[in-house]
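Read the structure below first, then the notes.
Quick note: the coordinates plus some simple rules give every number you see, no bench work behind them. This is a predicted model, so every value here is computed, not measured. As a convention, Cβ positions derive from the backbone with ideal geometry for all residues, glycine included, and neighbour counts pool all protein chains shown.
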């Protein structure tokens, strides 16, 4: 046998354990999907690829040892393996597909090998990971890569990473701080949305834009330093950051988007430079304690007057 074919053992709900014979090269598409009693499987070191959805919904599978012959793990390969607590991924693996371990709700730790260059979309979405070390081979973190990892407290992002995709850390409720290296040039929309324990974040001066909803509902964020590389602050970027007290907008910024600081109820001071020439009317709605600081005759002054926000002149 060189291949376990498509749907070969799909829905074999009485299958409890399996030893895949030596000489097998490929575990095919959905070959063990929904084998809900499968709790043990041995993969021989002749296997080079684990196909898309190969073991998805194997809800009793607790551990998996991937041999060092395997080079690729397909999309959704272990999706919703809710009892999976440990996975050994060897350095031979160069590709892990989208949602490969999504909703493995018992998975608390995993070592990503330094053969991987991309954390693909939703790869660990909904896992119970408490910490993650991303190797310095990785250049991109995909959309929703770690979203809904509600137990994740720390992440080490290496300076090889250049982009962080949309909602990558969405709803990581236990994440308290994160250091974004200055190799990152693009932070996608909603990246840290609903990270309600996040108190500290470093935005490097390689970032040119703070996207829509990036820090939306980060309730514990008390301060933020915006580097002078940033030219625009997106819609809802800091909306509902109810612990944010003050913000200094650098003189590289030209626009502040719709609801950017909406309902930041503790925000008392925002310093706006002359470079800013466009602020949406809803940018500071609900900021009842706010005083805008700026220069006489500036756009910021006109904006404050038009929106009935107290204005203080910077001398």
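Tabulated values for the structure
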quantity	calculated
The stretch 208-315 - percent relative contact order, Cα under 8 Å, separation 6 or more	20
Full-stretch length increase - residue 162, residue 288 - with 0.36 nm per residue and alpha-carbon distance subtracted	41.6 nm
Förster radius 51 Å - calculated FRET efficiency between residue 91 and residue 220, Cβ distance, rounded to 0.05	0.85
Label-point gap, in nm, between residue 269 and residue 251 - each point 7 angstrom along Cα→Cβ	1.9
Max mean-square fluctuation residue, GNM over the chain, Cα-Cα springs under 10 Å, options 14, 75, 56	14
Listed candidates [x] 19.9; [y] 21.1; [z] 20.6 - label of the one calculated as Kirkwood radius over Cα pairs in Å	[y]
Potential lengthening between residue 296 and residue 131 on full extension [0.36 nm per residue; Cα-Cα distance subtracted]	54.5 nm
The chain: relative contact order in percent, alpha carbon pairs under 8 Å with at least 6 residues between	7
Relative contact order of the stretch 6-116, defined on C-alpha pairs under 8 angstrom at six or more residues apart (%)	21
Rounded Å value of the spacing that divides the Cα centres of the stretch 134-189 and the stretch 232-296	25
The chain: antiparallel DSSP beta bridges as a percent of all, rounded to 5	0
Calculated FRET efficiency for the pair residue 109/residue 46, C-beta based, R₀ 30 Å, to 0.05	0.60
Efficiency of FRET from Cβ geometry, residue 307 and residue 60, R₀ 51 Å, rounded to 0.05	0.30
